[in-house]
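The values are calculated or read from the model by the stated rules, or taken from the named source; none is laboratory data. Model, not experiment: these values are computed from the prediction. Here the Cβ positions follow ideal geometry from the backbone for every residue, glycine too, while neighbour counts run over all protein chains shown.
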Amino acid sequence: MTRSVTVRVPAKVNVQLAVGAPRPDGFHDLANVFLAVGLYDEVTVTPADTLRVTCEGPDAAQVPLDTTNLAARAALALAARYGVAPDVHIHIAKDIPVAGGMAGGSADGAAALLACDTLWGTGASREELLEICAELGSDVPFSLVGGAALGVGRGERLTAVEVGGTFHWVFAVADGGLSTPAVYGEFDRLTAGTDVPEPAASPALLTALRKGDVTALADALGNDLQAAALSLRPSLAGTLAAGTAAGALAALVSGSGPTTAFLTADEESARKVADALLASGTCRSARVAPSPAPGATVV
């Protein structure tokens, strides 16, 4: 048996997040255009006497080390399906912001699943792995596949999206997280009594991605949760304004926040925007990253 397996997995940005009315099960139908970006966690699994999780890196103190961690849940789910003892040490080297709307926890779940599958030699098909990912959470399947994709349903049913170039981003990390359920709850409060349209992917946005047209993509970005995130964290408006003033082509809250994402013309512009955001004092850190990026990969 291999003594350890390491998987590298990217963060994501939602270039479009269209949210429908709440369903009877409490979830919302989504049209969620995911783009994987070049900020990565690395998850290493090693045989051990019992299942345990450790974590290092920025914000590591905020990462749960028990079975609520999606990496641990992924190991348990795969072990249960294949009759394997889930006795592994899962070590997460964290570089994706925690509770930042960039799917860091979901990324770790996908990475641990692929790492355990490789370590145990289960021979699971891609479809089986994606099925387990969907059981773990709405963003986990995309962390496995990476690139760009449209997610429908809760966001877990994926169709690959073609991307015709490289896009350059800056991510401004806020102090403290925002709870995804709280942001959806605020969305429901803000839209109560209104006719919430069925979520659908923007044709203009999909065309901009396919053509690699950064100006058209900037015009087409959208996040239906942004108003709710700003309602719960009004200070994010200052971050969005600072990045736009520094030359970003577009700015939006990433997913449920509180990380904010800035699309720039090129890598040099991205560095200037990141420097200006840090100087503005409206965020804790600013990270530059290109997209798209590959999904979970054994390294």
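Which of the residues that make up segment 94-144 are among the β-branched types (Val, Ile, Thr), surrounded by fewer than 24 Cβ atoms within 10 Å (Cβ to Cβ) and within 12 Å of the chain's Cα centre (by Cα)?
Val98
Hey, any hits in segment 281-294 for a residue that's hydroxyl-bearing (Ser, Thr, Tyr), part of a helix (DSSP H, G or I) and touching a Pro at 6+ places or on another chain (Cβ under 9 Å)? Break it down into steps so the answer makes sense when it comes.
We begin by selecting, within segment 281-294, every residue hydroxyl-bearing (Ser, Thr, Tyr); these are 282, 285, 291.
Retained after the next criterion (residues that are part of a helix (DSSP H, G or I)): none.
Checking segment 281-294: not a single residue is hydroxyl-bearing (Ser, Thr, Tyr), part of a helix (DSSP H, G or I) and touching a Pro at 6+ places or on another chain (Cβ under 9 Å).
Anything in segment 26-68 that is of a type in the set (Ser, Thr, Tyr) and surrounded by fewer than 19 Cβ atoms within 10 Å (Cβ to Cβ)? List them, or say none.
Residues satisfying the conditions are Thr46, Thr50, Thr54, Thr67, Thr68.
If you take the residues of segment 166-203 that are closer than 19 Å to Phe262 by Cα and not in a loop (DSSP other than H, G, I, E, B), which of them is modelled with the lowest pLDDT?
Val173
Considering only strands (runs of 3 or more DSSP E) fully contained in segment 1-120, which possess at least 2 residues that are over 23 Å from Val299 (Cα atoms)?
5-22, 28-47
Between Ala160, Ala107, which is without any contact (Cβ under 8 Å) to a residue 24 or more places away in the chain and among the aliphatic types (A, V, I, L, M)?
Going through Ala160, Ala107 in turn, just one is without any contact (Cβ under 8 Å) to a residue 24 or more places away in the chain and among the aliphatic types (A, V, I, L, M): Ala160.
Can you spot a residue in segment 210-217 that is among the small types (Gly, Ala, Ser), part of a helix (DSSP H, G or I) and in the same structural domain as Thr259 (by TED's automatic domain parsing)? Walk me through it before giving the result.
Let us first name the residues in segment 210-217 that are among the small types (Gly, Ala, Ser), namely 212, 216.
Next, from what is left, pick out any that are part of a helix (DSSP H, G or I): 216.
Cutting the leftovers down to in the same structural domain as Thr259 (by TED's automatic domain parsing) gives us 216.
Within segment 210-217, one or more residues are among the small types (Gly, Ala, Ser), part of a helix (DSSP H, G or I) and in the same structural domain as Thr259 (by TED's automatic domain parsing).
Restricted to segment 232-260, and to residues that are among the β-branched types (Val, Ile, Thr) and crowded, with 19+ Cβ neighbours inside 10 Å, which residue is nearest to Ala103 (Cα to Cα)?
Thr259
Has segment 78-93 got at least one residue that is under 17 Å from the mean Cα position of the chain (by Cα) and among the β-branched types (Val, Ile, Thr)?
Initially, segment 78-93 is screened for residues under 17 Å from the mean Cα position of the chain (by Cα), giving 92-93.
Going one step further and asking which of them are among the β-branched types (Val, Ile, Thr), we end up with 92.
Yes, because at least one residue in segment 78-93 is under 17 Å from the mean Cα position of the chain (by Cα) and among the β-branched types (Val, Ile, Thr).
Of all residues in segment 148-177 being touching a helix residue (DSSP H, G or I) at 6+ places or on another chain (Cβ under 6 Å) and under 30 Å from Ala61 (Cα atoms), which is surrounded by the fewest Cβ atoms within 10 Å (Cβ to Cβ)?
Glu156
What number of residues in segment 163-211 are free of Cβ contacts under 8 Å to residues at least 40 places away in the same chain and either touching a strand residue (DSSP E or B) at 6+ places or on another chain (Cβ under 6 Å) or over 19 Å from Ser254 (Cβ atoms) (or both)?
Going through segment 163-211 one residue at a time, the tally reaches 8.
Is it fair to say Leu263 is outside the structural domain of Glu42 (by TED's automatic domain parsing), closer than 26 Å to Leu150 by Cβ, in contact with a strand residue (DSSP E or B) (Cβ under 7 Å, 6 or more places away or on another chain) and surrounded by fewer than 21 Cβ atoms within 10 Å (Cβ to Cβ)? Write out each step before concluding.
Details: outside the structural domain of Glu42 (by TED's automatic domain parsing): yes; closer than 26 Å to Leu150 by Cβ: yes; in contact with a strand residue (DSSP E or B) (Cβ under 7 Å, 6 or more places away or on another chain): yes; surrounded by fewer than 21 Cβ atoms within 10 Å (Cβ to Cβ): no.
Against the criterion (outside the structural domain of Glu42 (by TED's automatic domain parsing), closer than 26 Å to Leu150 by Cβ, in contact with a strand residue (DSSP E or B) (Cβ under 7 Å, 6 or more places away or on another chain) and surrounded by fewer than 21 Cβ atoms within 10 Å (Cβ to Cβ)), Leu263 does not qualify.
Could you check segment 103-133 and list, in sequence order, the residues that are modelled with pLDDT under 95 and more than 18 Å from Arg8 (Cα to Cα)?
Gly123
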